[in-house]
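*Asks:* Take a look at the following structure, please.
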Amino acid sequence: MKNVAIDNNILVEKRLENHAVRHSLPAEAYADGGDLLLKETSRKATLVLEDGTAFAGTSFGYEEAVSGEVVFSTGMVGYPEALTDASFAGQILTMTYPIIGNYGVPEPSLWESNKIQVAALIVSDYIDTPSHAQSTMKLDTWLKLQKIPALEIKDTRFLTQHIRKHGTMLGKIIFDSDIPFYNPDDDNLVAKVSTRQVTKRGDGDLTIALIDCGAKRNIEHCLTARNVSVVTVPWDWDLFAPEQSFAFDGILISNGPGNPKMVQKTIETIKTALARDIPMMGICLGHQLLALAAGGDTYKLKFGHRSQNQPCLLMPPANAAVASSTPTMNRGATAGGKEGLLQGTKRCFITTQNHGFAVEKLPPAFEPWFVNANDGSNEGMRHSSKPFFSVQFHPEATPGPMDTEWLFDHFLDACRAGKETRRVSIYRDRRDLSRDPINHPGVTDPSHTAEPSCVTDPSHPHSEVRR
């Protein structure tokens, strides 16, 4: 039985207040009460998988054929956050929870990006009578505004089981004319979703460079809530160019869509940062990019992890012999069958995840930090002695549990420790500068007393950067 809407007057008032959405359409698109005059439809369409399997459905979104990679998410809540997560770019998202749309769409400030990122949406039961105080419009209205196709099919359970059995596959939604399949892994999706400008938010004793590979907004919120300044840069921004206009104390590599091996410019930036011992944290795609930059490898999971209840086991610190090895992570073993998985710790964190690729081979000098309790795949790594670490899951959640938000504190502590180390080292360098200034590359002004914010000269690991 479908939900009963709350007072329609309240919903109309909320729609009228939503200027961010309304100003994007001409005035004639609205009725006197503020409702969008979008054509109601019950047009039929078909979801076709690359193996020929077809699912008949009813359209409740934008009516246009689309193709992409068909994936599923098992989350019971948070569809507005999921739809605006750039990690879903190029994908036809199937929601396994049967009731979608029942609490409408919140204002844009509560989205994880500035638009819907999925290629299309598949649900079992679309609810067109939303009931929530923060709702500004119905889900189908939002989808049509942003030209995103959506289908209601009656057996998302069978579709999900089919993907779990045969693996993630390409698919397309067709109305009248057929279209070819499209594989998003063949493109650099990060270049399509990353910001194109440098922005700064927050203020504090630290400055963090956030490399936007498709970053969820709550990553920035989690950092600024801890009283630090966050400078967000495009995926291909050269943080170490001589003309760089800001200094930073650490680098956070964000989540994002697609194949990590397509994001070579970000990988090169990370390699430079590794060489200069700048504290770094990677999230989701950022975890994979850090692994590739440091000498590890990645692979594609059979059907990925897309849910809000993935269990991740915290691994104890490895001994020196283990830390210096390059282990290959288990692709398919269960937690119970992976020898030693629970040795040393039984601490498990429930996490939000959204990824199709994973780290298979850890880089030299890195050790496992978290391991997935379901399939034994790697969920995090840390360097044995330097401030480099990353996680495959989302500590910022949205949606999902906040069990691992403490990782942001761990990262900022590492940045502060690194900043203090550099401050002491540069003080010593400057005392020696009067005797031989030429032998101290990177320090260009002996009289300058401001604390440095990052290290960029590989020939002198404690020299100040001037941008």
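Read the figures in this text as sums done on the coordinates, not as results from a lab. Note that the coordinates shown come from a computational prediction; the quantities given were computed from them, not determined experimentally. FYI the Cβ positions are ideal-geometry reconstructions off the backbone, even for glycines, and counts take in every protein chain you see.
*Asks:* For a label point 7 Å from the Cα of residue 227 along Cα→C-beta, name the residues of segment 191-218 whose backbone N is under 13 Å from it.
*Replies:* Correct set: 203-206.
*Asks:* What does the charge dipole of segment 99-166 about its Cα centre add up to, to the nearest 20 debye, if the Cβ of each Lys and Arg holds +1 and the Cβ of each Asp and Glu holds -1?
*Replies:* Using only the charged Cβ atoms, the result is roughly 280 debye.
*Asks:* For residue 200 and residue 271, compute 0.36 nm times the residue count separating them, minus their Cα-Cα distance, and round to one decimal in nm.
*Replies:* Going from the current span to full extension adds 23.2 nm.
*Asks:* Please turn the phi angles of segment 174-186 into ³J(HN,Hα) values with the Karplus equation 6.51 cos²θ - 1.76 cosθ + 1.60 (θ = phi - 60°), one per residue in order, whole Hz, x for glycine and proline.
*Replies:* Per residue, the Karplus-derived 3J(HN,Hα) values read 10, 9, 10, 8, 6, 9, x, 6, 10, 9, x, 5, 7 Hz.
*Asks:* Under 5 Å between amide H atoms, partner at least 5 residues away or on a different chain: which partners does residue 85 have, H built in plane at 1.01 Å?
*Replies:* Distant-sequence amide H within range of residue 85: 117.
*Asks:* May I pose another question? With only Lys, Arg, Asp and Glu charged, each at its Cβ (+1 for the first two, -1 for the last two), find how big the charge dipole of segment 47-138 is about the Cα centre; round to the nearest 20 debye.
*Replies:* 200
*Asks:* For a quick check: with amide H placed at 1.01 Å from N, whose amide H comes under 5 Å from residue 235's, ignoring anything fewer than 5 positions away on the same chain?
*Replies:* 195, 212
*Asks:* Shifting gears a bit: Just grab the label-to-label distance for residue 302 and residue 134, each label 7 Å out from Cα along the Cβ direction, in nm (one decimal).
*Replies:* 3.6
*Asks:* Continuing with this model, one more query. Taking the Cα-to-Cβ direction at residue 403 and at residue 109 and moving 7 Å from each Cα, how far apart do the two end points lie in nm?
*Replies:* Distance between label points: 3.2 nm.
*Asks:* Something else about it: Karplus couplings for segment 249-257 from phi (6.51 cos²θ - 1.76 cosθ + 1.60, θ = phi - 60°), rounded to Hz, Gly and Pro as x?
*Replies:* 9, x, 10, 10, 9, 7, 5, x, x
*Asks:* Could I ask something else about it? Give the lysines whose C-alpha is closer than 28 Å to that of residue 419, dropping any in the same chain fewer than 8 places away, or say none.
*Replies:* Filter leaves 200, 216, 265, 271, 386.
*Asks:* Can you give me the long-range amide H partners of residue 147? Hydrogens built in the peptide plane at 1.01 Å from N, cutoff under 5 Å, separation of 5 or more residues or another chain.
*Replies:* Here the answer is none, since no amide H 5 or more places off falls under 5 Å of that of residue 147.
*Asks:* When Lys and Arg each count +1 and Asp and Glu each count -1, what net charge do the other residues less than 11 Å away from residue 124, Cβ to Cβ, add up to?
*Replies:* Net of charged neighbours comes to -1.
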